[in-house]
Structures are given as structure tokens and as C-alpha cells.
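All remarks here apply to the structure that follows.
Just so it is clear, none of the values below were taken in a lab; they were calculated from the coordinates. These numbers were taken from a predicted model, which means no experiment stands behind them. Heads up, the Cβs are rebuilt from the backbone with ideal geometry, glycines too, and the neighbour counts pull from every protein chain shown.
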Amino acid sequence: MAMTIEEIEQFIITAVPDAKIEVTDMGGDGEHYSAVVTAASFKGLSRLAQHRLVYDAFGGRMGEELHALKLTTRIAE
Amino acid sequence: MADTINDRIKEILEKSPVVLFMKGTPLFPQCGFSNQVVAILNNIGIEYDSVDVLQDPEIRQGIKVYSDWPTFPQLYIKGELVGGCDIITEMFENGELAELAQKENIARK
């Protein structure tokens with residue numbers, strides 16, 4: 001069961017409401033995406049904590065239905 | 001004898017300063033992301049131990065809970081999760097990884 005760009009955006013928004021998200025389909029198979037997530041609420045969080053926040057949004061689907069999400073997080077100025 | 005999975009993980013992490021939990025082995029990585037981190041570690045030339053999670057389902061599941069990190073590979077330095085493929089690649093490209101290895105005086109090959 002793969003995932004759509006809209007679903008990915010929806011998951012991330014629920015965890016990081018102020019995020020600006022750019023998702024790119026890397027594989028065309030619904031399982032390999034890259035995403036750039038920019039949010040002011042990342043301020044003060046380590047890069048690891050920022051990524052964890054986003055991954056936790058998927059509630060266990062990360063690495064299962066969604067095989068790969070190449071993630072870049074940025075702090076919004 | 002380590003009984004819980006967390007004890008097993010702690011034991012592995014205490015045994016060596018750098019541990020890479022990956023799919024496959026450094027010589028035969030079974031996943032592109034694991035392969036990428038292996039190439040990075042070999043490039044900066046530091047000593048590391050690896051754990052093939054494909055051969056150990058208990059560790060594969062346990063380490064995800066232990067670190068609250070859902071994917072592989074996972075790189076640990078001095079028992080601390082540094083990151084997965086994206087973070088290690090970013091740190092490699094901006095020199096942070098080599099700096100961290102030096103700061104933690106990790107043995108070089």
C-alpha cells in the first residue's frame with residue numbers, strides 16, 4: 001500500500017502545523033519521496049529532533065508503507 | 001546474560017564507540033541508504049562496528065523503539081544516535097561528521 005503526496009503533507013501538517021512542505025516523488029512508486037519541511041517551530045530543536053518530529057507524524061508507517069522519505073528540515077526565519 | 005532487548009542493545013553500544021545498525025553488511029549492503037552511509041564512513045576512514053538488522057529481527061524492532069527512529073541505517077557514536085542516511089549525508093557534506101569523530105577521538109582506520 002503506497003502513499004500519495006497529499007497524504008504525506010497531511011501527516012506532516014498534523015505534527016508540525018506551521019510547516020511549509022515541498023514533497024517530491026522520487027520513485028513514481030508511491031514509496032520513495034523527498035520532502036523539505038520548513039517551520040519556525042523547529043527553532044531550538046536539534047536536526048535529529050526535527051527529523052524525529054516529522055517521522056513520528058507517520059505513526060509507524062515510516063519504513064513500512066512509506067519506504068523512504070528523504071528529509072531536509074529547515075528553520076523558518 | 002542480557003535479558004531484555006534493551007540490555008542487548010546497550011551491550012552492543014558499549015562495546016564499540018561507533019556502531020552502524022544497517023541492512024546487510026559493509027561488504028554486502030542490502031539497501032541503498034545503508035550503502036551510502038557505509039561509503040561515507042569508509043571515506044572519512046573511521047573504525048566502526050556494524051549490526052545487520054536483517055539477520056536479527058529482535059534487534060531490528062528493538063532499536064527502532066530504543067531510539068524512536070523508524071528507519072535504517074542508524075549511526076551511533078559513543079552510544080548516542082547521530083542520525084540516519086539523510087542526517088549523516090548532510091553532516092558529511094558540511095564537515096560536521098569528521099569534526100564529531102575527531103571531537104569524540106574516534107580511531108581511524
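Report yes if some residue within the range A:54-64 is under 17 Å from residue B:83 (Cβ atoms), facing another protein chain (nearest Cβ under 7 Å) and hydroxyl-bearing (Ser, Thr, Tyr); otherwise report no.
yes
Just the residues that are in contact with a Lys or Arg (Cβ under 8 Å, 6 or more places away or on another chain) and surrounded by fewer than 19 Cβ atoms within 10 Å (Cβ to Cβ), please, taken from the range B:8-30.
Within the range B:8-30, B:30 is the sole residue that qualifies.
Identify, by number, the condition in (1) within 14 Å of chain B (Cβ to nearest Cβ); (2) in contact with a Leu (Cβ under 9 Å, 6 or more places away or on another chain); (3) of a type in the set (A, V, I, L, M, F, W, C) that residue A:69 doesn't meet.
(2)
Pick from the range B:67-109 the residues that are of a type in the set (Asp, Glu) and under 18 Å from residue A:50 (Cβ atoms): which of them is surrounded by the most Cβ atoms within 10 Å (Cβ to Cβ)?
Going through the range B:67-109, the residues of a type in the set (Asp, Glu) turn out to be B:68, B:80, B:86, B:90, B:93, B:96, B:99, B:104.
After this cut, where a residue has to be under 18 Å from residue A:50 (Cβ atoms) as well, the list is B:68, B:80, B:86, B:90, B:93, B:96.
On the way: B:68: 10, B:80: 12, B:86: 20, B:90: 16, B:93: 10, B:96: 15.
Applying the filter and picking the extreme gives B:86.
Go through the range A:36-53 and give me each residue that's more than 9 Å from chain B (Cβ to nearest Cβ) and crowded, with 20+ Cβ neighbours inside 10 Å. Full working, then the answer.
At the first step, the residues of the range A:36-53 found to be more than 9 Å from chain B (Cβ to nearest Cβ) are A:36-46, A:49-50, A:53.
A:37, A:39, A:42, A:50 - these are the residues of the range A:36-53 that are more than 9 Å from chain B (Cβ to nearest Cβ) and crowded, with 20+ Cβ neighbours inside 10 Å.
Looking only at the range B:51-109, which residues are in a loop (DSSP other than H, G, I, E, B) and more than 12 Å from chain A (Cβ to nearest Cβ)?
Across the range B:51-109, the qualifying residues are B:56, B:78, B:79, B:95, B:104, B:105, B:106, B:107, B:109.
I need the full set of residues from the range B:69-103 which are among the charged types (D, E, K, R) and over 15 Å from the mean Cα position of the chain (by Cα), in order please.
So the first thing to find is which residues in the range B:69-103 are among the charged types (D, E, K, R), and the list is B:78, B:80, B:86, B:90, B:93, B:96, B:99, B:103.
Listed by number, the residues that qualify are B:90, B:93, B:96, B:99, B:103.
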